[in-house]
Amino acid sequence: MKPLHLFFALALLLASLACNLSPAPKSEIDCAGMLEALHQVRGDMPFPENFQTENPAKQGGEFDSNTYFQALTHLSMQPGYALDYVYHFDGMGGYPLLYPRPAGQVPFRTEADYAASGDSSDYLDYVQIDDTAEGYFQYVVLDILGPQFYLFWHANYNDYQIICSPSDVQAIASSLGDFGWPMSLLTRLRTLLLWEVAPTVSTGEQTAEVRVVVFTKWGGFLSLTYTIDLKFPHKILDVKEETLVPSDCGVMF
């Protein structure tokens with residue numbers, strides 16, 4: 001059989017397999033609903049002009065990171081603390097630096113003020129989980145998506161998207177030509193076999209394991225498996241990464 005004929009035979013076989021697979025297993029996690037709620041909380045935020053300067057300072061009216069908990073309803077800050085941020089800008093990129101702020105403390109206005117305080121606390125150490133599967137999943141979502149706002153230039157490499165269903169996979173695969181190189185046909189066919197992509201959560205005596213599938217334009221579809229301590233503070237003990245379908249958009253900032 002000629003190579004071209006073999007390629008199309010393989011394409012038909014993979015398409016046939018995808019069509020005959022049983023429905024994707026349903027997740028107990030409301031992944032799509034939670035991501036939509038998170039989108040509503042963040043909304044369409046214009047980039048603050050005051051963040052495009054050296055040592056940028058908050059002036060009021062910027063995004064309030066505490067509103068995350070309106071969407072991540074199974075999480076809360078440790079009593080007496082709020083989730084806040086300062087903004088890093090260096091001309092090559094810009095992004096928020098999240099930190100836990102004592103509720104009675106005046107917020108830091110700049111990254112320099114924050115650095116001068118000597119505080120290097122991980123904000124996740126102050127986030128409480130309500131001991132539900134949804135809660136552990138939302139904790140992972142906050143870790144992945146929490147810093148994804150007001151991203152500037154090179155910081156946009158931080159583009160992980162959380163996948164909820166096979167339809168999300170196909171929607172992403174179809175849209176890639178809108179940014180950089182489109183996926184090759186063979187890679188598109190491989191995505192048809194990405195079926196078990198819904199987030200899963202399992203708990204043991206001391207840890208919870210959360211598996212999520214994400215997509216990045218600079219890597220493709222990845223499986224991330226988090227191991228999280230059940231006891232507060234809920235430390236992330238390990239993250240295992242597996243490439244499911246590699247892909248690269250070819251764009252360099």
With criteria (1) in contact (Cβ under 8 Å) with a residue 60 or more places away in the chain; (2) under 17 Å from the mean Cα position of the chain (by Cα); (3) at negative phi, Tyr150 comes up short on (3)
Could you tell me which numbered condition Leu10 fails, if it satisfies all but one of (1) at pLDDT below 90; (2) of a type in the set (A, V, I, L, M); (3) under 18 Å from Leu145 (Cβ atoms)?
-> (3)
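I need a count of the residues in the stretch 110-157 that are among the charged types (D, E, K, R) and touching a strand residue (DSSP E or B) at 6+ places or on another chain (Cβ under 6 Å).
Residues in the stretch 110-157 being among the charged types (D, E, K, R) and touching a strand residue (DSSP E or B) at 6+ places or on another chain (Cβ under 6 Å): 1 in total.
For the stretch 89-133, how many residues meet the condition of being assigned to a helix (DSSP H, G or I) and touching an Asp or Glu at 6+ places or on another chain (Cβ under 7 Å)?
2
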Residues Val127, Val86: which one is within 22 Å of the chain's Cα centre (by Cα), crowded, with 20+ Cβ neighbours inside 10 Å and closer than 18 Å to Lys231 by Cβ?
-> Val127
When the stretch 97-118 is checked residue by residue, the ones that are surrounded by fewer than 12 Cβ atoms within 10 Å (Cβ to Cβ) and farther than 27 Å from Thr73 by Cβ are Val106, Ala116, Ser117, Gly118
Lone unmet requirement of (1) surrounded by fewer than 20 Cβ atoms within 10 Å (Cβ to Cβ); (2) closer than 26 Å to His88 by Cβ; (3) in contact with a helix residue (DSSP H, G or I) (Cβ under 8 Å, 6 or more places away or on another chain); (4) at pLDDT 95 or above for Tyr139 = (1)
Evaluate the following for Met34: is it at pLDDT below 95 and either within 26 Å of the chain's Cα centre (by Cα) or basic (Lys, Arg) (or both)?
-> no
With (1) among the hydroxyl-bearing types (Ser, Thr, Tyr); (2) over 20 Å from Val251 (Cα atoms); (3) in contact (Cβ under 8 Å) with a residue 40 or more places away in the chain as the list, and Tyr160 as the residue in question, which single condition is left unmet?
-> (2)
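The values are calculated or read from the model by the stated rules, or taken from the named source; none is laboratory data. Here the structure is a predicted model, which is why all the values come from computation and not from measurement. Note: ideal-geometry Cβ built from the backbone for every residue, glycine included; neighbour counts use all protein chains shown.
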